[in-house]
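The structure appears right after this line, and notes come after that.
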Amino acid sequence: MALCAATAAGAVPVPARSVEVEGIRFDDAARVGGKELQLNGTALRAGFLAKGYVAALYLQEKARNAALVLGTPGTKRLQLRMLREAEPPALMRAIRQGIRNNHSEQQMQELAARLVQFERTLGEVGTAHKGDVINLDFSPQTGTVVAINGTPRGRPIPGEDFYQAVLRVFLGERPVDAEVKRGLLGG
């Protein structure tokens, strides 16, 4: 009845918009640390024989430039929706290599203890299964939080530089996949 009254008064309800990739729906907005974030872009990570995950990047303000995303402080979310199983060692090896590809040896040393903490958290999570949702959230108040299917895991990892290091795996000078980078930047 309220819908009819609203329509009769000229107000038409607008459904929440979303984007669909590989049959997976991503909302246009997400809330992290009390901040409303906008969907910046989505991307499919596929190898030669298999599709691995669909990724989504949420930011406070949309950005089409990786340097702007990496250089703008504030709350962010990188979401991975798994399309197949991934064992923690393989997942961590890929992330560590992506970080190494985009950082100097000095920077790697500065990140070392936090990378170990991140690896422990992923190890506690165990195998990521098809359909799992992995959120890598950053807020200045808490640091980087890893959540699997909505449940935070491990302790928050301090430092925006750590979160930027993880984002560089996807958005850096040498990303894991140029198409993933393009997609996350809304291209």
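Could you derive backbone 3J(HN,Hα) for the range 120-126 from the dihedral phi with the Karplus parameters 6.51, -1.76 and 1.60 (θ = phi - 60°), listing whole Hz in sequence and x where the residue is Gly or Pro?
4, 4, 5, x, 5, 5, x
What is the extension gain from Ala67 to Ala50, computed as 0.36 nm multiplied by their sequence separation minus the C-alpha to C-alpha distance, in nm to one decimal?
3.1 nm
Relative contact order, percent, of the range 34-141 when contacts are C-alpha pairs under 8 Å separated by at least 6 residues?
Computed value for the range 34-141: 30 percent relative contact order.
Going by alpha carbons, how many degrees (0 to 90, nearest 10) lie between the helix axis of 88-101 and the longest principal axis of the chain?
Relative to the chain, helix 88-101 is tipped by roughly 80 degrees.
May I ask for the percentage of alpha-carbon pairs in the range 67-143 that lie more than 14 Å from each other?
Percent of Cα pairs beyond 14 Å in the range 67-143: 71.
Using the Cβ atoms and a cut-off under 14 Å, what net charge is assigned to the surroundings of Gly150, where Lys and Arg are +1 and Asp and Glu are -1?
Within the 14 Å Cβ shell, the charges total +1.
Please list, or write none, the lysines whose alpha carbon is within less than 16 Å of the alpha carbon of Lys35, excluding same-chain residues fewer than 8 places away.
By straight Cα distance, Lys35 reaches Lys62, Lys76.
Count the net charge of all other residues whose Cβ sits under 14 Å from the Cβ of Gln106, scoring Lys and Arg as +1 and Asp and Glu as -1.
Summing Lys/Arg as +1 and Asp/Glu as -1 gives -2.
So what's the net charge close to Lys130: Lys and Arg +1, Asp and Glu -1, counting the other residues with Cβ under 9 Å from its Cβ?
Combined, the nearby Lys, Arg, Asp and Glu give -1.
How high is the FRET efficiency between Thr142 and Gln109 when r is their beta carbon distance and R₀ equals 25 Å, given to the nearest 0.05?
Step by step, r from the Cβ atoms, then E = 0.55.
Between Thr127 and Asp27, how high is the FRET efficiency from 1/(1 + (r/R0)^6) when r is the Cβ-Cβ distance and R₀ = 25 Å? Nearest 0.05.
0.45
Based on a Kirkwood Rh over C-alpha pairs, give the Stokes-Einstein translational diffusion coefficient of the chain at 25 °C and viscosity 0.890 mPa s in µm²/s.
D, rounded to a whole number, is 142 µm²/s.
Since every read-out is calculated from the coordinates, none of them should be taken as a lab result. No experiment lies behind these values; they were computed from the predicted model shown. Ideal geometry is used to build each Cβ from the backbone, glycine not excepted, and the neighbour counts take in all protein chains shown.
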